[in-house]
Structures are given as structure tokens and as C-alpha cells.
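Scroll down for the structure; my scribbles are underneath it.
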Amino acid sequence: MPMFQVTRTATSTSDAARQAALADPGFGRYYVDHMAVVDYVAGDGWQEPRIVPMTEWALHPAAAVMHYGQEIFEGLKAYRRDDDSIWLFRPERNAARFVTSAQRMGMAVLPEELFLASVTELVDMEREWVPTSENEQSLYIRPFMIASEPYLGVREANTYRYAVIATPAGPYYSEPMKLWITPNYTRAAPGGTGTAKCGGNYAASLIATQEAYANGCGQVLWTDGAEHKWIEECGTMNVMFVTADGELVTPALGSILAGVTRESILMLAADHGLTAVERPISVDELLDGLESGQITEVFACGTAAVVTPIVGFNSPQRGEQVVADGQPGPKTREIRQHLVDIQYGRAEDKHGWTVKV
Ligand code: COI
């Protein structure tokens with residue numbers, strides 16, 4: 001039984017316009033014709049779940065999200081297989097993280113089954129918007145929640161709006177990249193919001209990304225807030241290092257985002273002859289390891305970016321350094337291919353990660 005009541009748009013995108021969009025979707029350039037919406041009212045709970053035409057919203061200018069940034073989001077993808085079936089990848093992990101993000105931001109907690117139904121029912125209705133697997137395209141799904149109550153006092157809001165929108169997407173980064181190790185900015189601190197997927201974390205990152213561009217890099221390597229000594233994440237992604245001893249090392253959870261792709265790759269490491277290790281890793285260990293050859297490959301991972309090879313660093317300490325020969329490494333390419341093959345149904349899904357829509 002569907003949970004969402006549907007109101008169809010009278011002005012669906014034409015087949016021709018959708019085909020043109022799917023031929024070169026970019027990321028966030030086009031949107032499916034409908035969105036899922038559920039409002040929350042304190043004392044009354046979650047209201048009627050609806051799928052409605054995708055339109056602008058009227059929000060009171062005092063809505064709390066616009067002043068104090070009470071907002072969280074998720075990102076996951078729907079993949080079209082060669083037999084035309086459509087699948088999600090570990091959506092229950094996103095549903096669970098949406099709960100912990102809401103708790104950290106003092107927001108209403110969306111029941112996980114409502115999250116899963118919103119995603120599944122919207123994707124099912126918008127199947128035609130899911131691109132083919134060519135060029136690793138997919139439908140990127142963006143569930144999010146805002147504090148909608150018009151109130152200027154600083155406290156948790158009493159009303160929230162949860163919604164799901166979706167955009168056909170190609171690869172988020174098309175090229176391997178270099179990272180700038182910023183001495184000036186911090187993404188997260190102990191006790192802060194680093195583990196929550198909230199908009200404020202991304203807003204605060206933008207100036208550091210400008211600094212990365214100015215230093216010839218595509219993204220920032222984030223370090224800890226106290227000493228700028230310990231590696232945390234890169235850009236909007238988790239970061240992983242392959243060592244000469246056959247380890248796949250990634251920063252332990254704490255103030256970083258618990259990425260679904262991160263967790264999945266750690267579980268695939270053994271299939272590629274690597275031992276997964278979650279532990280603190282310092283900037284010095286990285287920079288020394290690049291010089292000595294102890295670190296042989298580096299990559300970033302996330303839902304949007306999948307696996308992005310990191311081929312160099314720039315830092316105030318040591319200037320420009322390349323990773324190995326400056327090309328994407330073999331383990332990076334193998335792991336990326338393995339993950340993508342599971343997502344598109346071309347490799348065995350041993351862990352039962354994929355869910356048919
Ligand atoms: C994702 O990979 O889903 C992200 O959160 C990155 C996004 C901000 C583009």
C-alpha cells in the first residue's frame with residue numbers, strides 16, 4: 001500500500017525535453033516533475049504524506065531555517081540496470097543517518113519507514129527520469145528537512161517540512177583532483193555538527209574551497225579543529241589512503257560524516273587484498289608517506305562523487321607533492337569499478353545492499 005497520496009502535475013516535462021536532459025544531465029540542472037512532502041507539527045506529529053507537482057514554495061520570511069539554519073539533508077541514487085529495472089543502494093543507511101542528523105540539530109525525527117517510502121514512491125513514479133548506466137549516470141535523490149516555523153526567537157522550531165526532490169546526474173567530478181591542506185579553516189570540531197548532514201557544514205566550507213582553487217587544487221583536505229594535525233575529510237567526501245603494506249586507511253569516525261560509500265568501501269577492501277583500518281592519520285604521516293612511497297594511492301569517496309582519485313596535494317608545509325606517479329592508482333580504479341558494478345547489478349551483491357524499486 002503506497003503511503004503517499006499523489007497529485008499529478010498538469011504540465012509534465014515532454015518526452016523530447018526529458019530525453020534532451022538525460023543526454024547530458026550535469027548535476028542539479030534538471031528536476032523530476034514531482035516531489036514528496038511531509039509536514040510536521042509539534043503536538044500533532046507528521047501530517048499527510050503527499051507527492052505533488054514540483055513547484056516553488058511560499059515560506060514566511062521569518063521561517064527559522066532562513067535565520068538559524070535548522071536544516072538537514074541526505075543524498076542517494078537510483079540506478080537503471082541493463083534490464084531496465086531500477087535499484088537503490090543501501091537506502092536504509094541514509095534513513096538511519098537522517099534520524100541522527102535530526103537529533104543533533106534538535107529537529108523532528110522522521111520515521112525511517114516514511115523516509116524509505118518517500119524515496120521509493122517518488123522514484124517509482126519518476127522512473128522515466130532515471131538515466132541509463134551509460135557514463136555512470138543515475139538519478140540523484142535529495143531528501144531534506146527545514147524548520148518552517150515563522151519565529152525569530154532562537155529555539156527549536158515547532159514545525160518542519162520534509163521533502164524529497166531528484167535530479168538526473170552524471171559524474172560529479174570528471175577528473176582526478178589535488179587537495180589543498182588548509183591551515184586556516186576547519187570543517188568540524190569535537191561536539192560540533194561534523195557528524196550531522198546539515199547545510200551549515202557545507203556553507204562554512206565554501207570559503208575554504210575558494211582557498212583551495214587559489215592554490216591550484218580542486219578541494220580542501222580538512223584537518224581537526226584543535227591542532228590542524230589530524231586528517232578528517234576532503235571537500236564533501238570521506239578520504240582513504242592505500243599503503244605499501246596493503247592497508248586501506250581512513251580517519252576513524254568522531255567528527256566526520258559517516259559516509260555510506262565510506263562504509264561500503266571498507267567492507268569491500270578485503271576483496272581487493274587490502275586490510276581496512278579506521279584510525280587517526282596525521283598530516284605529517286601523509287606528507288612523509290607521499291615522500292617515502294609508504295602511501296601509494298589516495299582517493300575520496302561519497303554518494304555524488306563515488307570514488308575520486310586524489311593525485312596530488314599542496315600544503316603550506318611542503319608545497320606541491322604528487323601521489324605516486326600522479327595517476328589514479330590500480331586499487332582506486334578496482335574498488336571504484338567494483339562498487340559501481342554492484343550498484344548497476346553487474347557484480348554480485350554479496351552484502352544485500354541493493355533494493356529494487
Ligand atoms: C553526496 O555525496 O551526496 C553529498 O553530500 C555531496 C553533495 C553535497 C554534492
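We did not get these values from a lab; they are worked out from the coordinates using the rules stated. As the structure is a computational prediction, the values presented were derived from the model and not from experiment. Cβ atoms come from the backbone with ideal geometry, glycine included; neighbour counts cover every protein chain shown.
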*Give me the Kirkwood hydrodynamic radius of the chain, using the inverse of the mean 1/r over all pairs of distinct Cα atoms, in Å to one decimal.*
21.4
*Counting Lys and Arg as +1 and Asp and Glu as -1, what is the net charge of the other residues whose Cβ lies under 9 Å from the Cβ of residue 76?*
+3
*Student exercise, segment 83-160 dipole from Lys, Arg, Asp, Glu Cβ charges, in Debye to nearest 20*: 600
*Among DSSP beta bridges whose residues both lie in the chain, state the antiparallel percentage, nearest 5.*
80
*Of 163, 213, 223, whose Cα points farthest to the positive end of the dipole of the chain (charges on the beta-carbon: +1 Lys, Arg; -1 Asp, Glu; origin at the Cα centre)?*
163
_residue 324 paired with residue 350, simple spin-label distance in nm, labels 7 Å along Cα-to-beta-carbon_ = 2.2
*Could you work out the helix-only [θ] at 222 nm for the chain, with each DSSP H run of four or more residues adding -39,500 (n - 2.57) and the total divided by the number of residues, to the nearest 500 deg cm²/dmol?*
-7000 deg cm²/dmol
*Under 15 Å from the Cβ of residue 22, count the other residues' Cβ atoms, weight Lys and Arg +1, Asp and Glu -1, and hand me the total.*
-3
*Dipole magnitude of segment 133-232, debye to nearest 20 (Cβ charges: Lys/Arg +1, Asp/Glu -1, about Cα centre)*: 220
*Please tell me which of these pairs span more than 32 angstrom C-alpha to C-alpha: 331/356; 178/356; 229/350; 197/356?*
178/356; 229/350
_I need the Debye-formula profile for segment 182-317: one equal scatterer per C-alpha, no solvent, reported as log10 I(q)/I(0) at q = 0.12, 0.17 1/Å, two decimals._
-0.43, -0.91
_DSSP-defined beta bridges in segment 171-293 - what % are antiparallel, rounded to 5_ = 45
*asked:* I want the local charge near residue 331. Using Cβ-Cβ distances under 13 Å, sum +1 for each Lys or Arg and -1 for each Asp or Glu among the other residues.
replied: -3
